[in-house]
Amino acid sequence: MVAFLLPGCKKDELEKALKEANDKLSATQRDLDSEREKNKQLEAEKAKLAQKIAELEEEIKQLTAQIEDYAKQAGVTADELKRLRADKAKQLAELKVYQDLINQLKKLVDAGTIQLEFRKGMLVVKLASAILFDSGKTELKTEGQSALADLAAALKTVGDRDFLVSGHTDNVPIKTARFKSNWELSTARAVEVVKYMIESGMDPIHIGAAGFGENDPVSDNSTEEGRAQNRRIEVVLLPKLGDIPGMKEMIMGTKKKS
């Protein structure tokens, strides 16, 4: 019996050891499977992170492109704004010239010696021929000389600007030994006014003369009152075309630099 029982005990021990080994193997397999699952999840997370990184890199690339585009646009806008500010400064400077001149001429306007108006986009000082000249004559009357002296004193305060003195008549024809048409009469009167204003202090560089005859009426020549208004001397403040953006380039045939 003893001999018979010993092998049975050995068998039980072996079976127990086998079971323990199998249990360990199973546990190890489970651990291995768990680690593999973890690795699989890590690989998936890694792939997700790689995809996110790629997406962020593309977003950064797009944002960088947008920023560069906005920078270029901002540069253009800045240039345009700079030009607009420069144009505005010129306009304000031009407005100040007109305001100062009008203030200088207020006394003459209030006295009825001259009239101020804007015609064809220009400031015009208008004097009736009756104040300056006798009918058909070019010699300045005393009251005309006084008016022109006061006018010259005001105009010469305007800095570096040019004036055009223009003579005008009504449409009644004139034909004398000296003047064969109203054109010659209007021109001679304009020249006489320019000469006197230069004598009164105007810089000859900034003043010139022109005659328009009856070709630029401001009233109806069918009435005496209208004809009287057309017989006049005008002193025009000439615009500075060089200050108009692009004008110089257009005249010279060159492209404006951006």
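Taken together, the values in this text are just the output of simple stated rules run on the coordinates, not laboratory data. This structure is a prediction, so every number in the text was calculated from the model and none was measured. Neighbour counts run over all protein chains shown; Cβ positions are idealised from the backbone, glycine included.
Once both labels are positioned 7 Å from their Cα atoms along Cα-to-Cβ, the gap between Asp134 and Lys96 label points is 4.7 nm.
Checked against a 32 Å cut-off, the cross-linked pairs Lys107/Lys141; Lys72/Lys120; Lys126/Lys175; Lys175/Lys240 give Cα-Cα distances beyond that limit for Lys72/Lys120; Lys175/Lys240. Under the simplified labelling scheme, the Ile205-Ser181 pair shows an inter-label distance of 3.5 nm, with each label point 7 Å from Cα along Cα→Cβ. As a calculated quantity, the FRET efficiency between Leu116 and Asn215 at R0 = 25 Å, using C-beta atoms, amounts to about 0.65. Shape summary of region 112-243, radius of gyration then Dmax from alpha carbon positions: 14.2, 45 Å. Highest mean packing first, where packing is the average number of other Cβ atoms within 10 Å per residue, the peptides 24-37, 166-179 line up as 166-179, 24-37.
Ranked by the mean number of other Cβ atoms within 10 Å of their residues, highest first, the peptides 115-124, 199-208 come out as 199-208, 115-124.
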